[in-house]
Amino acid sequence: MTRFWKRLNILYERLLLIVLILILLIVLWCMYDNYYVFNHTTDRVSGYRPGAVSNGEIQGEKQISSDMVAWVTLFDTNIDYPVMQGDDNVRYLNTDPFGDYSLAGSIFLDCRNSSDFSDDYSLIYGHHMEYGRMFGALDEYLDEDYLNKHKRGELLIGYRGEEKHELEVFAVCKASAQDEEIFDPGKGDVREFIKTHAEVFLGESEERIVALSTCSEENASSRVIVFCYLKD
């Protein structure tokens, strides 16, 4: 009987060791995954910005997918990314600009919008990542002082950035993912919604609007949206 309990204890200790090793491997994987995400959401694409290299290409490196329709930049922030557009709004949630799987996904234009940004209202999505990566910096625009200091940006339209426009941030608001005026381009009066719901609103213009949307930490359906005028 004593021998039986000794064997049982040995088995228990070995099983416990295996569980601890598995937990350690999971922790190490999570650390690696976080490192990979944070270092590939910006560093991997930065050299592909139109004009950064000859013909917008890096010889010998994997090229950004032809689904790239623009490049968006908000000066003095981490927002400096290619804008992708898929056949639906799921494609680039977990796919990077090179077509590879990525938890960080891509910055992407709503599939219902025109790829040349000729619509009166265009909507761009991006994941909310820590340290201001992807669209994690949009939260800062809820502070009016920050908005006024970071309201300039640029939109290069086309795969090679053939068309260059200035972006001017003019408003920021919180909204629900179910608000059709914001999240169903072409449906509802987005300008009236902005005036009514904006946390910060700097003024009206007849220029086209480009919205940048990301998740908010408040709840699963809450969003932070930064609105820019597209300058001709």
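Bear in mind that the values in this text are calculations on the coordinates, not laboratory data. Since we're looking at a predicted model, the values are computed, not measured. As a convention, Cβ positions derive from the backbone with ideal geometry for all residues, glycine included, and neighbour counts pool all protein chains shown.
Here's the picture: charge each Lys and Arg Cβ at +1 and each Asp and Glu Cβ at -1 in region 46-231, and of 190, 105, 230 the one pushed furthest to the positive end of that dipole is 105. Using only side-chain charges placed at the Cβ, +1 for Lys and Arg and -1 for Asp and Glu, the dipole size of the chain relative to its Cα centre rounds to 1640 debye.
Just list whichever of 174/231; 187/231; 151/187; 151/231; 151/195 have alpha carbons separated by over 21 Å in the model shown. Don't skip to the answer; put the middle values down first.
Details: 174/231 24 Å; 187/231 23 Å; 151/187 26 Å; 151/231 13 Å; 151/195 18 Å.
Long pairs (Cα-Cα over 21 Å): 174/231; 187/231; 151/187.
A Gaussian network model of the chain, with springs between Cα atoms under 10 Å, assigns the largest mean-square fluctuation among 21, 209, 64 to 21. By how many degrees, 0 to 90 and rounded to 10, does the Cα axis of helix 2-40 deviate from the longest principal axis of the chain? Around 20 degrees separate the two axes. Under the simplified labelling scheme, the residue 177-residue 195 pair shows an inter-label distance of 3.0 nm, with each label point 7 Å from Cα along Cα→Cβ.
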